[in-house]
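Have a look at the structure below, then the notes.
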Amino acid sequence: MNIILFHLHELSQPIGRNDPRSRHIRRVLKSSEGDVLRVGVLNGDRGTATITRLTTHEIHLEFHVAQPPLPVYPIRLVCGLPRPQQAKRILRDCTSMGVSHIWFVHTELGEKSYRHSPLWQNESWLGLVREGLEQSGGTHLPEIRIHHHLQSCFANLPETIRRYVFDTGDWTPASIPADAGPRPSTQELALIIGSERGWTDGERLFLQKSGCVTLCLGQHVLRTDTACIAAVTLARTLFLG
């Protein structure tokens, strides 16, 4: 962990022995009384915490949380629902990159059974999101959703959002559109990536009619999680300055 995260109500409570954060402080950081830790409040500020008392069963902390959180990029990542192992990497890595939303969507060529993975039961995915924040030092939990199809997904997108769909070189005449360039950081973007088997012609037509600009990540077919990381990196560089 590069930051230890807490809910706001936990700031007045000691950390119990069986808490994963306690094991990290004791076994990984090997901290003692008086040591200072980097901490953050979920969806809140960052700061430090001093270990005021460390016993066999509890760790007592004094918090000083007044630093602003790391910036969150105005990026809504929309991805065809992939196999669970790839979804885990997307949840962790794209959270660590600071995106504001991670939406998965059932596509026509996607495997519907992935929705029934244990990953999506009882909010098991939340651990991956927290892991991404702990890696990056962020505190903002992105919004996670699963949509049943593209139409319902797009119905929830703001009308003013800039929409970019990523496809292979066989379907796009150019890698970067003519209007590419730095955009104000407040300009919200939707980055839309297909499932492992790609888009159908019908989905491409729907995306085109929905105002999407098509971008190309090259003719090589990428894994879904790799494409997501590449798309977020490209968007942050080209459109957000």
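The values are calculated or read from the model by the stated rules, or taken from the named source; none is laboratory data. Everything numeric here is computed off the predicted structure, so don't read it as measured data. Here the Cβ positions follow ideal geometry from the backbone for every residue, glycine too, while neighbour counts run over all protein chains shown.
Can you name the residue in region 12-37 that is in contact (Cβ under 8 Å) with a residue 40 or more places away in the chain and surrounded by 15 or more Cβ atoms within 10 Å (Cβ to Cβ) and is also nearest to P142 (Cα to Cα) among such residues? First the steps, then the outcome.
In the first step, residues of region 12-37 are kept if they are in contact (Cβ under 8 Å) with a residue 40 or more places away in the chain; the result is 14-17.
Applying the additional criterion that residues be surrounded by 15 or more Cβ atoms within 10 Å (Cβ to Cβ) yields 14-15.
Numbers: P14: 27, I15: 25 Å.
Looking at residues that are in contact (Cβ under 8 Å) with a residue 40 or more places away in the chain and surrounded by 15 or more Cβ atoms within 10 Å (Cβ to Cβ), I get I15.
What number of residues within region 52-84 are under 22 Å from L8 (Cα atoms), assigned to a strand (DSSP E or B) and not aliphatic (A, V, I, L, M)?
Adding up the residues that qualify gives 8.
Would you be able to say whether some residue in region 106-116 is assigned to a strand (DSSP E or B), under 29 Å from T200 (Cβ atoms), of a type outside the set (K, R) and assigned by TED's automatic domain parsing to the domain that holds Y164?
No, region 106-116 has no match at all.
Output the number of the condition that P177 fails; it satisfies all remaining conditions of (1) at pLDDT below 80; (2) under 30 Å from G40 (Cα atoms).
Among (1) at pLDDT below 80; (2) under 30 Å from G40 (Cα atoms), P177 violates only (2).
Do we have any residue at all in region 28-41 that's among the polar types (S, T, N, Q), in a strand (DSSP E or B) and more than 15 Å from the chain's Cα centre (by Cα)?
No, region 28-41 contains no residue that is among the polar types (S, T, N, Q), in a strand (DSSP E or B) and more than 15 Å from the chain's Cα centre (by Cα).
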